[in-house]
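The values are calculated or read from the model by the stated rules, or taken from the named source; none is laboratory data. For clarity, every value in this text was computed on a predicted model and none was experimentally measured. Neighbour counts are summed over all protein chains in view; Cβ atoms, including those assigned to glycine, are modelled from backbone coordinates with ideal geometry. Heads up: the accessible areas ignore ligands, DNA and RNA and are worked out on the full protein's heavy atoms, side chains in. Shrake-Rupley method; radii C 1.70, N 1.55, O 1.52, S 1.80 Å.
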Amino acid sequence: QKEVEQNSGPLSVPEGAIASLNCTYSDRVSQSFFWYRQYSGKSPELIMSIYSNGDKEDGRFTAQLNKASQYVSLLIRDSQPSDSATYLCAVNWGGGSNYKLTFGKGTLLTVNP
Amino acid sequence: DVKVTQSSRYLVKRTGEKVFLECVQDMDHENMFWYRQDPGLGLRLIYFSYDVKMKEKGDIPEGYSVSREKKERFSLILESASTNQTSMYLCASRTLQGSLYTEAFFGQGTRLTVV
C-alpha cells in the first residue's frame with residue numbers, strides 16, 4: 001500500500017522561529033503534493049500545493065519538493081502562535097492509482113509565545 | 001469560493017441503523033471523496049468518485065457504500081452502523097486542471113457517534 005510518512009510530533013518552536021515539517025512518500029511516480037493545516041475540531045485547509053522539484057514560496061511558507069528523494073517539506077518562517085495546528089502532507093499518486101489522494105497522519109505544531 | 005457542505009455537523013445513531021451522510025459541492029467538480037479521521041490514524045480514504053455514477057473503493061470501504069446520482073452530490077451510506085464507525089467524516093471535492101489534479105476542498109465534517 002502506498003504510504004505517506006510525516007515526522008512524528010509534536011513539534012514545539014518559539015515564536016519567531018522557523019518550523020520545519022517533513023514528509024516522505026513511497027511512490028516515485030507521484031505528481032502532486034499538498035500541505036494542509038488543520039485546527040482542532042476543524043476541517044483541513046490548503047496552505048500550499050507543489051508540483052515541480054524545487055522551492056515554492058508563499059508569504060511565510062515555503063514548500064520544497066525533491067522527487068528523486070521522494071521528499072516534500074514545509075518551512076514556516078517567523079512562526080506565530082496562530083500557526084499552532086496539525087499539518088497534513090497529502091500526495092496524489094501517479095500511474096494506475098492516480099485518483100488517490102493519500103494523507104500522512106499529521107504533525108502537531110505548537111508555537112510558544 | 002468553493003463551498004463543500006455536509007448535511008450534519010453532529011450525528012448520533014444507534015447500532016444497526018442505516019445512516020446517510022450527504023455532501024454537496026457548488027463548483028462543478030468532477031471528483032469527490034469521503035474520508036474518515038480518527039486520532040492516531042489520520043485521514044483514511046473510504047470511497048472516491050470520478051464523476052456521476054462512477055466510484056472507486058478507497059483504503060477502508062468495508063461497511064460503507066456510496067451514491068453519486070448528480071454531479072454536485074456524493075452520499076456516504078453506512079448500511080448497518082456499528083460502534084467502530086464512530087468517527088469524524090470528511091467530504092472533499094476537486095477538479096482536474098490540464099493533466100494535474102487541484103487541491104481537495106473539504107466540507108466542515110460530520111462527527112458521527114454510534115451508540
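Some observations on this one:
- Every condition in (1) among the charged types (D, E, K, R); (2) within 14 Å of chain A (Cβ to nearest Cβ); (3) open to solvent by less than 70 Å² (accessible area, probe 1.4 Å); (4) under 25 Å from A:Gly41 (Cβ atoms) is met by B:Glu22 except one, and the failing one is (2).
- Look at (1) in a loop (DSSP other than H, G, I, E, B); (2) open to solvent by 60 Å² or more (accessible area, probe 1.4 Å); (3) acidic (Asp, Glu) and you find that A:Asp27 fails only one, number (2).
- Among the conditions (1) within 22 Å of B:Leu45 (Cβ to Cβ); (2) open to solvent by less than 60 Å² (accessible area, probe 1.4 Å), the only one that A:Gly59 does not satisfy is (1).
- Hits in segment A:12-58 - residues which are among the hydrophobic types (A, V, I, L, M, F, W, C) and more than 12 Å from the chain's Cα centre (by Cα): A:Val13, A:Ala17, A:Ile18, A:Val29
- Within segment B:66-105, the residues that satisfy the criterion of being within 13 Å of chain A (Cβ to nearest Cβ) and open to solvent by 30 Å² or more (accessible area, probe 1.4 Å) are B:Leu96, B:Gln97, B:Gly98, B:Ser99, B:Leu100, B:Glu103, B:Phe105.
- The single condition among (1) within 14 Å of another protein chain (Cβ to nearest Cβ); (2) farther than 19 Å from B:Thr5 by Cα that B:Gly63 does not satisfy is (1).
- Condition met for A:Asn22 (away from every other protein chain (no Cβ under 11 Å), within 19 Å of B:Gly42 (Cα to Cα), out of contact with any Asp or Glu (no Cβ under 7 Å at 6 or more places or on another chain) and of a type in the set (S, T, N, Q)): yes
- The set of residues in segment B:25-35 that are open to solvent by 10 Å² or more (accessible area, probe 1.4 Å) and under 8 Å from the mean Cα position of the chain (by Cα) is empty.
- Residue ID - modelled with the lowest pLDDT, chosen from residues in segment B:36-52 that are at the interface with another protein chain (Cβ under 9 Å from one of its Cβ atoms) and surrounded by fewer than 13 Cβ atoms within 10 Å (Cβ to Cβ): B:Gly40
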